[in-house]
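A quick write-up on the structure given underneath.
The values are calculated or read from the model by the stated rules, or taken from the named source; none is laboratory data. Please read all numbers here as calculations on a predicted model, not as lab measurements. In this analysis, Cβ positions are derived from the backbone assuming ideal geometry, glycine residues included, and neighbour counts consider all displayed protein chains. The accessibility values were calculated without ligands, DNA or RNA, using every heavy atom of the protein model including side chains. Shrake-Rupley method; radii C 1.70, N 1.55, O 1.52, S 1.80 Å.
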Amino acid sequence: MKKALTGVVVVGAFLAGAGTALAAPWRDLPKLQTPGVALENGHYRFNSAERNHGSFEWDGDLRDTLPADGNNGYAEVRVEGHTWVRYDGKDRAKVHLHHSNWDGAQRYTDDADMRVCLDRSFHPDSCTGVVHFHAGQR
């Protein structure tokens, strides 16, 4: 009886591990850069409905490429056509960002947009073009 119970526990642990191994793979983010700020070494993935709210999960290093200009950079993400969510960097520094974005009204997210901008005090912000991601992309 103990051997049967041990076998069930081992099989359960194996299946739990297999489910984790089947999680969405990380993909490389393209380098997003505009004069003064860059998002580098980035990755993203679309999580399944059972993982982290079915979110668009991303990370990367937001770097101030013109430290003498006194301006700060930021990354913006929007999912499923909602409004932009802003993630600020730091002036004269590089910060690592790791965030998840999702639409609470949906079971999972499969569309996301991203851009990087330079926050210029007395001029309109300078932003990269919008990069679109879709869960079916390779």
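Just one of (1) touching a His at 6+ places or on another chain (Cβ under 6 Å); (2) over 16 Å from GLN33 (Cβ atoms) fails for ASP61. It is (2).
Every condition in (1) in contact (Cβ under 8 Å) with a residue 24 or more places away in the chain; (2) in contact with a strand residue (DSSP E or B) (Cβ under 7 Å, 6 or more places away or on another chain); (3) open to solvent by 20 Å² or more (accessible area, probe 1.4 Å) is met by ARG86 except one, and the failing one is (1).
For every residue, the table says whether it meets (1) in a strand (DSSP E or B); (2) crowded, with 17+ Cβ neighbours inside 10 Å.
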site: GLY81; (1), (2): no, no
site: ASP91; (1), (2): no, no
site: HIS99; (1), (2): yes, no
site: ASP113; (1), (2): yes, yes
site: CYS117; (1), (2): yes, yes
site: GLY136; (1), (2): no, no
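Considering only residues that are open to solvent by 30 Å² or more (accessible area, probe 1.4 Å) and assigned to a loop (DSSP other than H, G, I, E, B), look in region 50-70 and name the one that is modelled with the lowest pLDDT. Let's see the steps before the verdict.
Just the residues of region 50-70 that are open to solvent by 30 Å² or more (accessible area, probe 1.4 Å), to begin with: 50-53, 63, 65-70.
Checking the rest, the ones that are also assigned to a loop (DSSP other than H, G, I, E, B) come to 50-51, 65-66, 70.
Details: GLU50: 95, ARG51: 96, THR65: 96, LEU66: 95, GLY70: 90.
My answer is GLY70.
When PHE122, PHE133 are checked against the criterion of being touching a residue at least 12 places away in the same chain (Cβ under 8 Å) and of a type outside the set (A, V, I, L, M), PHE133 stands alone in meeting it.
Identify, please: which residue in region 102-111 is open to solvent by less than 60 Å² (accessible area, probe 1.4 Å) and in a loop (DSSP other than H, G, I, E, B) and is, among those, nearest to ALA49 (Cα to Cα)? If you could, list the steps in order and put the result at the bottom.
As a first pass, look at region 102-111 and keep what is open to solvent by less than 60 Å² (accessible area, probe 1.4 Å): 103, 109-111.
From what is left, the residues that are in a loop (DSSP other than H, G, I, E, B) are 103, 109-110.
Values: ASP103: 11, THR109: 8, ASP110: 10 Å.
My answer is THR109.
For the structure I just gave you, tell me whether VAL37 is modelled with pLDDT of 95 or more, of a type outside the set (Lys, Arg) and loosely packed, with under 14 Cβ neighbours inside 10 Å. Write out each step before concluding.
Values: modelled with pLDDT of 95 or more: yes; of a type outside the set (Lys, Arg): yes; loosely packed, with under 14 Cβ neighbours inside 10 Å: no.
No: the conditions fail for VAL37.
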